[in-house]
Amino acid sequence: MNTRAYAAMTAGADLVPYQFDRRELGAHDVALDIAYSGICHSDIHQAREEWGDALFPMVPGHEIAGTVTKVGSAVTKFKVGDLIGVGVFVDSCRLCENCKAGLEQYCLDGMTGTYNSYERDGTTLAMGGYSNYFVVNEDYAVHIPSNLPLQGVAPLLCAGITLYSPIKHWNVGPGKKVAVMGLGGLGHMGVKFAVAMGADVTVLSHSPHKQADALAMGAHHFISTQDEAVFAAHEKKFDVILNTISAEIDINQYLSLLKLNGTLVVIGLPGKPYALQVGALLGARRSMGGSMIGGIAELQEMLDFCGKHNIVSDVEVIKPDYINAAYKRTVASDVKYRFVIDTSAL
Ligand code: NAP
Ligand code: ZN
Ligand code: ZN
């Protein structure tokens, strides 16, 4: 099926209009008209090849919200007209212990990315959501609650689940002091979920002008990290720190903010490694962990939670011809708080 999209043709090049054919609908596939597609900072890292080998032409986009237009003969989970979401991966081996445990994002054989990845046939280049049409196996798509505005839902498919999952795993809730590093697409979802779970929530941001927004999202405290003195002033304060920063930083300064037995969860993935001073861990039996998106069952759980608690992303909806400008603004931390492409304009 002919599909209109935006693609990066080479690493770091501006994205340009692009057309390609998606596969025919298989028995277990669902076809969807994409309504909105979020811009994740991971799209930018990959289109600019900041994470190593990247596959071109690249149609990024793994925060996909749309409507089912067709279902394959064996599909049972969806019907035509359903609201449907697709996130960061579109397949996995389904057989390994992690897949069987509903942790497909950690598939031992490697998940199949929504883009910048080959499909399970090993030859078809997966093309993402900056496009008007998508085909996905029904097992790797989720239902979107009908009470939420669809443009605010799209970012939940990556930014939302990527914070929901560690917040659940590290038991962020009542009685816990949690800090979110970076108030961007992921960070602002972390604030909303941590607040909804009942934790005491602090934002650590290098953009002081974001304070009012952070507090409006429900954060209880805001610390501007532009003033280095704040690291000493808030030493040993937090149980959990969720690091969503996309750039290189001094991670040791942030580790010093953890109290005894505290954990800093790395979620942001800058292109270069951190210079970790392990002494920062020893001094208060601290841990550093990592977390990557979430599995399909948890993705559905998160969307149902959002439907119940009226949680969506704060978005700036753009036309496709604004993608390159949106990339520049995202890298400059000038994002409130997720760019979402209106793909109907393709
Ligand atoms: P984003 O919207 O650009 O937000 C990143 C935020 O980091 C910025 O808004 C800014 O917040 C802060 N920041 C940026 N540059 C900084 C600097 N030089 N010093 C200090 N803080 C800085 O990006 P995103 O889409 O939320 O993604 C964040 C990171 O998570 C990216 O690296 C992305 O690839 C990664 N990611 C990981 C997963 C996963 O599964 N683990 C999933 C999706 C994305 P302030 O202005 O508040 O300081
Ligand atoms: Zn993402
Ligand atoms: Zn697997």
Item to check | Size descriptor, Kirkwood hydrodynamic radius, that averages inverse alpha-carbon separations across region 160-290, Å | outcome: 14.4 Å
Checklist outcome for this item: Farthest towards the positive end of the dipole of region 160-290, among P174, V191, F231 and with Cβ unit charges of +1 on Lys and Arg and -1 on Asp and Glu, lies the Cα of P174
Item to check | Gyration tensor (Cα) of the chain, equivalent ellipsoid semi-axes in angstrom | outcome: 33, 21, 19
Checklist outcome for this item: Expressed as a whole-number percentage, the relative contact order of the chain with C-alpha contacts under 8 angstrom and at least six residues apart is 18 percent
Item to check | Crossing angle, helix 296-309 versus the chain [Cα axis fit, 0-90 degrees, rounded to tens] | outcome: 70 degrees
Checklist entry - What does the charge dipole of the chain about its Cα centre add up to, to the nearest 20 debye, if the Cβ of each Lys and Arg holds +1 and the Cβ of each Asp and Glu holds -1? => result 780 debye
Next on the checklist: As I understand it, the value is the acute angle between the Cα axis of helix 159-169 and the longest principal axis of the Cα atoms of the chain; what does it come to in degrees, rounded to 10?
Outcome noted: 50 degrees
Checklist entry - Cα centroid distance between region 159-188 and region 269-346, in Å? => result 11 Å
Checklist outcome for this item: Relative to the chain, whose Cα atoms define the longest principal axis, helix 185-196 and its Cα axis are tilted in degrees, nearest 10, by 70 degrees
Item to check | Y133 long-range amide H proximity, modeled H, under 5 Å | outcome: R4, I34
Checklist entry - For q = 0.19 Å⁻¹, what log10 I(q)/I(0) does region 62-137 give under the Debye formula with an equal point scatterer on each alpha carbon and no solvent? => result -0.89
Next on the checklist: How many angstrom lie between the Cα centre of region 5-43 and the Cα centre of region 126-144?
Outcome noted: 9 Å
Next on the checklist: Among Q151, M302, A35, whose Cα projects farthest towards the positive end of the dipole of the chain, with charges put on the beta-carbon of Lys, Arg (+1) and Asp, Glu (-1)?
Outcome noted: M302
Checklist entry - What is region 160-290's relative contact order, in percent, from Cα pairs under 8 angstrom and six or more apart in sequence? => result 21 percent
Checklist entry - Which cross-chain or sequence-distant (5 or more) residues have an amide H under 5 Å from the amide H of G218, H modelled 1.01 Å from N in plane? => result none
Checklist outcome for this item: The extension gain from K308 to K259, computed as 0.36 nm times the residue separation minus the Cα-Cα distance, is 14.4 nm
Next on the checklist: Could you compute the net charge surrounding A325? Neighbours are other residues with a C-beta less than 12 Å from the C-beta of A325; K and R count +1, D and E count -1.
Outcome noted: -1
Next on the checklist: Checking the a/c ratio against 1.5 first, then a/b against b/c, what shape does the Cα gyration tensor give for region 237-346?
Outcome noted: oblate
Checklist outcome for this item: Over the Cα atoms of region 33-192 the radius of gyration and the largest Cα-Cα distance (Dmax), both in Å, equal 16.2, 50
Item to check | Relative contact order (%) - region 1-116, alpha-carbon pairs under 8 angstrom, separation at least six | outcome: 23 percent
Checklist entry - For labels at L282 and K79 in the simple 7 Å Cα→Cβ model, what's the distance in nm? => result 6.4 nm
Next on the checklist: To the nearest 20 Debye, how big is the dipole of region 150-269 about its Cα centre, given +1 on the beta carbon of each Lys and Arg and -1 on that of each Asp and Glu?
Outcome noted: 400 debye
Checklist entry - Suppose R0 equals 35 Å; then what is the FRET efficiency for D227 and K272 from their Cβ-Cβ distance, rounded to the nearest 0.05? => result 0.90
Checklist entry - If the cut-off is a Cα-Cα distance under 27 Å, which lysines reach K192, setting aside same-chain residues fewer than 8 apart in sequence? => result K168, K176, K177, K210, K236, K237, K259, K308, K319, K328, K336
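Where a number appears in this text, it was derived from the coordinates with a stated rule and is not lab data. For clarity, every value in this text was computed on a predicted model and none was experimentally measured. Note: ideal-geometry Cβ built from the backbone for every residue, glycine included; neighbour counts use all protein chains shown.
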